[in-house]
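This report concerns only the one structure given below.
The values are calculated or read from the model by the stated rules, or taken from the named source; none is laboratory data. Predicted model, so just to flag it, every value in this text is computed and none were measured. Positions of Cβ are backbone-derived with ideal geometry, glycine not excepted, and every protein chain shown enters the neighbour counts. Areas reflect the complete protein model, heavy atoms only, side chains present, ligands, DNA and RNA absent. Shrake-Rupley method; radii C 1.70, N 1.55, O 1.52, S 1.80 Å.
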Amino acid sequence: MARSSHLAASTATALLLLLFLLPYSCRAASSKNPSAVVLPVRKDAATAQYVASFRQRTPQTPVTAVLDLGGATLWVDCDAGSYASTSYARVPCASKPCRLARTGACATSCVGAPSPGCLNDTCGGFPENTVTRVATGGNLITDTLSVPTTFRPMPGPLATAPAFLFACGATFLTEGLAAGAAGMASLSRARFALPTQLAATFRFSRKFALCLPSVTSAGVVVFGDAPYAFQPGVVLSGSSLLYTPLLVNNVSTAGVSGEGDKSNEYFIGVKAIKVNGRVVPLNATLLAIDKQGVGGTKLSTVAPYTVLETSIHKAVTDAFAAETAMIPRVPAVAPFKLCYDGSKVGSTRVGPAVPTVELVLQNEATSWVVFGANSMVAAKGGALCLGVVDGGAAPRTSVVVGGHMLEDNLLEFDLQRSRLGFSSSLLFRQTTCNNFRLG
């Protein structure tokens, strides 16, 4: 089995390389704006981070970056020798983009040779590694950024944003990221994150769909207006998705922020949690965002597993244990608290045969139902663990829905309507994110 998983992971990596790093169609990208563009995504086995591929700079250079539903913009390592391009340009301190960035920073004292990381009269930003929670100062500059217009069955021509604004980070900021990642790509609601910049450049709708893969397959981010088509013959549309409002936390959750800044992250209004259809008794006030910006539920691609405030974690694990009393338990495997003998757990189309976990949203009819493939994690020694982590007694956010719970679910972030559409598990439809088609 280990050899089979290794081969599957290798195949997924090779597929992404074929999709992106090999030459594209000889046709140049059309001067007509595309209706959608895509980022191929893979899951890094060592870090459980989701890594996207694109091209940047002149001459075009393949770049990989860790996907982040938070953050302010794309940032990449610009330390000496790590960024070479003939097409980059500084963002002047007095420019409109600098005012819109709202950083209040301006580089004026660089004495070295001009380079992306050393420019004067240049707007300053604060790139942050949201995995390690380390931030630094860095220049805001623009350069070309090219992304594919098709995903399958064949990679298509690139669409190029000629002056995509991003932040220059430092090499030390990449510590803790997946091997080979040059930075982080923000998918947040921020003005200079990828969704808004790409929509403004190509004049398509300000929305994107996220389909995260498991470690043995490929996934995709789709920006703009495209059908959500999957092999074999599965097409998801508005009527196929459930929708819930995207909430705004009026207090920034970034490592560096100014007074009055709002959070760029995506929050949803979870009203209750159910296990096996039964409401879990918990302190519901923790599910709301208070005036200090504390509490609530957000979505995260940098948290590998769902993180719950201590009392919520205890309530959910106690309820799950009560519903699975007939399944033999095994000692806990960190970071999880509730683990079972995996050989004693049955299998279904949607993963291990365990009770559902349900996030009840604005009403009883709108619930995000989580099945075994997204609630359970295979751990060492054949253990199968409930994939929720204790986040402590006083976290900034009470519920952080992590990457594992999002995998093989189609999530549509509609920023124009400020709503989230979700499919629940694609496994029910006998497909996965790996089977997404565009082209």
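Against the list (1) in contact with a Gly (Cβ under 7 Å, 6 or more places away or on another chain); (2) closer than 29 Å to Glu412 by Cβ; (3) modelled with pLDDT under 95; (4) polar (S, T, N, Q), the condition Thr13 fails is (1). If you go through the range 267-298 and pick out every residue that is of a type in the set (A, V, I, L, M, F, W, C) and farther than 22 Å from Tyr243 by Cα, you end up with 4. Within the range 117-125, identify whether any single residue is part of a loop (DSSP other than H, G, I, E, B), among the small types (Gly, Ala, Ser) and touching a strand residue (DSSP E or B) at 6+ places or on another chain (Cβ under 6 Å), and answer yes or no. Yes, that holds for at least one residue. When residues in the range 303-335 are screened for being in contact with a helix residue (DSSP H, G or I) (Cβ under 9 Å, 6 or more places away or on another chain), of a type outside the set (A, V, I, L, M) and surrounded by 19 or more Cβ atoms within 10 Å (Cβ to Cβ), 5 of them pass. Taking the range 389-439, which residues are open to solvent by 40 Å² or more (accessible area, probe 1.4 Å) and part of a strand (DSSP E or B)? Passing the criteria: Asp390, Arg419, Arg437.
The set of residues from the range 266-288 being in contact with a Pro (Cβ under 8 Å, 6 or more places away or on another chain) and either more than 13 Å from Phe320 (Cβ to Cβ) or part of a strand (DSSP E or B) (or both) comprises Ile268, Gly269, Val275.
Leu299: in contact (Cβ under 8 Å) with a residue 24 or more places away in the chain, over 30 Å from Asp44 (Cα atoms) and buried (at least 19 other Cβ atoms within 10 Å of the Cβ), yes or no? When the stated conditions are applied, Leu299 does not pass them. Out of Gly255, Gly260, one residue alone is at pLDDT below 95, at negative phi, among the small types (Gly, Ala, Ser) and not in a helix (DSSP H, G or I). It is Gly255. Among the residues of the range 312-367, the ones that are part of a strand (DSSP E or B), among the hydrophobic types (A, V, I, L, M, F, W, C) and closer than 26 Å to Leu242 by Cα come to 3 in all.
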